[in-house]
Structure formats: structure tokens, C-alpha cells
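> A single structure is presented below for examination.
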Amino acid sequence: MKKGLLMVFTGDGKGKTTAALGLALRSAGHGLKVCFIQFIKGSWKYGELEAVNRYRDLIDFHVMGRGFTWKSKDMGKDKEAARQAWRFAREAMASGRYHLVVLDELTYLLKYRMIEIEAVLATLVNKPAGLHVAVTGRGAPEEILAAADLVTEMQAVKHPMKAGIKAQKGIEF
Ligand code: ATP
Ligand code: MG
């Protein structure tokens, strides 16, 4: 019997998005379809973009939104883009086409109140029974942690940036 899981990768340490990519790769290895939705425009890195493109028959990836930041001059437009991105994600989850749907950096939309936590929670709790969903991002809200089947909190013990080591190919991008 297949039990669709709600999985959350959160915390301040590195490894949240890469964990979700690992799941996508593992699913694709079985010929299972994945929808990987990136909620922050510009956060896709060249390495993963090219790698995932090689599995384009199995992994659909979508970059949504406008880059949502506090620097934004037009919160109204950002909010609308976020709502649209969330509608898209809801449709992907309901479509029945996927084994796994990844909602990468979804927590930022919640943190900046671009979308309502109640609506997100209701969708996640009522997702199709066999569908696996992975949510990533710092500061996942308690409500989502409580509803999840798997929660991993990445703890930042050391990061090379602190020692002045710059981002490197294949590790950061
Ligand atoms: P990754 O994409 O490498 O799995 P992530 O998804 O856990 O990282 P995000 O919070 O999405 O991390 O931040 C993305 C970027 O911030 C990455 O380039 C990552 O290396 C960097 N980063 C993550 N954690 C830290 C940290 N504790 N100190 C400095 N930079 C960090
Ligand atoms: Mg990330």
C-alpha cells in the first residue's frame, strides 16, 4: 500500500533544496514522475537546472513568482504572483500525474504572508492519499510541521562562507 507522505526540510543549515532534489532523482530512477516547483525566482542554480533537464521526460520543473523579497517595490504584484504560483502548485498536486511534488522555498511565501497558511495547510492535509509532497525552506510554520509525516531540520554547524570560501561550482550552483 502506498501512503503519500508530507515531508518538510527546514532549518538554517544547507541541504534543504538538495535533499528535495535527491528525492526527485530517486523517484525519476524508478521512472516515476515528479513536479518540482521553485517558488523563488532566481533560486534555481545552473547545475540542477541542467541536470534536471536531462530527465525532462520525468521531472517537470517550474519557476514561479517574481523573486518575492522585502526589497520589492510592488507588493501587490508580488502577492498576485505568489497566489498564482500557489494555484499552479495546487493543480499539480490534484492532477494525479505525479508521484512526488516538490514545493521548494514555499515557506518564504508564508513568512512574508503572500499566501494564507490556513489555505496551504488545508491543501496539504487534503492532498491525494498516494501523493508524496516535499516542502522546503527556512522557518516552516508549526502548523505544517505538525501535519507532516517527516520533518528534518537542517542545523547549520559549519558553512564555508563563514570562513570566507566563495560559492563553488557543483556545490552551490
Ligand atoms: P541548498 O540549495 O544548498 O540545499 P538550502 O536549500 O538548504 O541549500 P537555502 O536556505 O535555500 O538553503 O539558501 C540557499 C543558499 O544559501 C545556498 O547557496 C546555501 O549554501 C546558502 N546557505 C544555506 N545555509 C547557509 C548557512 N548556514 N550559511 C551560509 N549560507 C547558507
Ligand atoms: Mg533552498
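> Could you please give the count of residues in the stretch 17-26 that are open to solvent by less than 70 Å² (accessible area, probe 1.4 Å) and either within 9 Å of ligand 1 (Cβ to nearest atom) or not in a helix (DSSP H, G or I) (or both)?
Qualifying residue count, the stretch 17-26: 4.
> Still on this model: So which of ILE144, ILE115 ends up being of a type in the set (A, V, I, L, M, F, W, C) and within 19 Å of MET75 (Cβ to Cβ)?
Just a single option satisfies the conditions, and that option is ILE115.
> Which of (1) away from ligand 2 (no atom under 16 Å from the Cβ); (2) charged (D, E, K, R); (3) part of a loop (DSSP other than H, G, I, E, B) is the odd one out, the single condition LYS41 does not satisfy?
Exception for LYS41: condition (1).
> Just name the residue that is surrounded by the fewest Cβ atoms within 10 Å (Cβ to Cβ) out of those in the stretch 87-108 that are within 16 Å of ligand 2 (Cβ to nearest atom) and either free of Cβ contacts under 8 Å to residues at least 12 places away in the same chain or not hydrophobic (A, V, I, L, M, F, W, C) (or both).
Among residues in the stretch 87-108 that are within 16 Å of ligand 2 (Cβ to nearest atom) and either free of Cβ contacts under 8 Å to residues at least 12 places away in the same chain or not hydrophobic (A, V, I, L, M, F, W, C) (or both), the one surrounded by the fewest Cβ atoms within 10 Å (Cβ to Cβ) is TYR108.
> Let me ask another. Within 22 Å of LYS127 (Cα to Cα) and either open to solvent by 10 Å² or more (accessible area, probe 1.4 Å) or in a strand (DSSP E or B) (or both): is that true of TYR55 in this structure?
It is false that TYR55 is within 22 Å of LYS127 (Cα to Cα) and either open to solvent by 10 Å² or more (accessible area, probe 1.4 Å) or in a strand (DSSP E or B) (or both).
> Contact list please: Cβ distance under 6 Å, first residue in the stretch 132-143 and under 10 Å from PHE9 (Cα atoms) and at pLDDT 95 or above, second residue more than 12 Å from ligand 2 (Cβ to nearest atom) and open to solvent by less than 30 Å² (accessible area, probe 1.4 Å), pairs at least six apart or on different chains.
Close Cβ pairs (under 6 Å, with a partner that is more than 12 Å from ligand 2 (Cβ to nearest atom) and open to solvent by less than 30 Å² (accessible area, probe 1.4 Å)) amount to ALA134/MET7; VAL135/VAL8; ALA140/VAL8.
> Let me ask something else. So if I check each of LYS111, LYS158, which one is modelled with pLDDT of 95 or more, within 14 Å of ligand 1 (Cβ to nearest atom) and open to solvent by 60 Å² or more (accessible area, probe 1.4 Å)?
None of the others qualify; the one that does is LYS158.
> To continue, here is another question. What number of residues within the stretch 161-173 satisfy the criterion of being within 10 Å of ligand 1 (Cβ to nearest atom) and either open to solvent by less than 80 Å² (accessible area, probe 1.4 Å) or touching a residue at least 40 places away in the same chain (Cβ under 8 Å) (or both)?
So the count comes out to 3.
> Listed residues ALA122, ALA129; which is among the small types (Gly, Ala, Ser) and open to solvent by 60 Å² or more (accessible area, probe 1.4 Å)?
Result: ALA129 is the single residue among ALA122, ALA129 that is among the small types (Gly, Ala, Ser) and open to solvent by 60 Å² or more (accessible area, probe 1.4 Å).
> If you take the residues in the stretch 132-146 that are open to solvent by less than 40 Å² (accessible area, probe 1.4 Å) and not in a strand (DSSP E or B), which one is nearest to ligand 1 (Cβ to nearest atom)?
Among residues in the stretch 132-146 that are open to solvent by less than 40 Å² (accessible area, probe 1.4 Å) and not in a strand (DSSP E or B), the one nearest to ligand 1 (Cβ to nearest atom) is GLY137.
> When you go through LYS14, LYS77, LYS41, LYS45 one by one, which is the residue that is under 19 Å from TYR112 (Cα atoms), open to solvent by 60 Å² or more (accessible area, probe 1.4 Å) and within 16 Å of ligand 1 (Cβ to nearest atom)?
Just one listed residue meets the conditions, LYS41.
The values are calculated or read from the model by the stated rules, or taken from the named source; none is laboratory data. Source: prediction; values computed, not measured. Glycine gets a Cβ as well: all are built from the backbone with ideal geometry, and neighbour counts include every protein chain shown. Ligands, DNA and RNA are excluded from the accessible area calculation, which covers all protein heavy atoms including side chains. Shrake-Rupley method; radii C 1.70, N 1.55, O 1.52, S 1.80 Å.
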